[in-house]
Amino acid sequence: MNDKPNWLKILEHYCFVENKTGLTLPFVIGSNVFSNEFEENDISSLLYEIRNNEYKKVILKYCGTIKHFILSVSPDLLSGSQYNKKEYDNLIIIQTNGLSGIDDFEDIITVMNLDYAEKIKNREFSIVDNNWGFYSPKEEEMIKEIFKSN
């Protein structure tokens, strides 16, 4: 296996070290500003890369706590979601809150672009108390450490 992609490094750290549920697409995509791999709107590329990855299953689901979609590598998120999940190779989508009944992968990408492309363009990668903005200094440091140590 090759080196893990940055999106997987940050998701694994956040889910297994920080013990958090997951991260929004803007958070994951924006983290690449610290690794020189950032592209302004890379939602489609990210979702295809996750779908085709050789490392592990990744979940895309709506998070009721922050009221946005998140990516997660936590297997615990699948319990209770068997009836409304759709698998696209290694990307598992829990079809709720805006994704119900959407089966075409390109349509899912369109929904994610509608929700998040503008935030990524404006470099609003992190959400705190329902306010989008750039990463906090603590988040910046965490991301830099993850990319440096892996």
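Couplings 3J(HN,Hα) of the range 18-28, computed from phi: 7, 6, 9, 6, x, 9, 6, 4, x, 4, 5 Hz, in residue order, whole Hz [Karplus 6.51 cos²θ - 1.76 cosθ + 1.60, θ = phi - 60°; x for Gly and Pro].
Once backbone amide H atoms are built at 1.01 Å from N, Lys85 has Gln95 as its partners under 5 Å, excluding neighbours fewer than 5 places away on the same chain. With each label modelled as a point 7 angstrom along the Cα→C-beta vector, the Val17-Ile102 pair spans 3.2 nm. Net length available on complete extension from Glu37 to Asn131 is 31.3 nm, with 0.36 nm assigned per residue and the Cα-Cα distance removed. In summary, the lysines within cross-link reach of Lys85, defined as a Cα separation below 25 angstrom excluding same-chain residues under 8 places away, comprise Lys9, Lys20, Lys56, Lys57, Lys61, Lys67.
Looking at the chain, the pairs of alpha carbons with a distance over 28 Å make up 12% of the total. In this structure, the amide hydrogen of Asn53, modeled 1.01 Å from its nitrogen in the peptide plane, lies closer than 5 angstrom to those of Asn90, counting only residues at least 5 positions away or on a different chain. Taking Phe105, Phe27, Phe125 in turn, the Gaussian network model of the chain (Cα-Cα springs below 10 Å) assigns the largest fluctuation to Phe105.
Any read-out appearing in this document is the output of simple, stated calculations on the displayed coordinates, not a laboratory observation. Everything quoted here is computed from the prediction, not taken from an experiment. We place every Cβ from the backbone using ideal geometry, glycine too, and count neighbours over all the protein chains shown.
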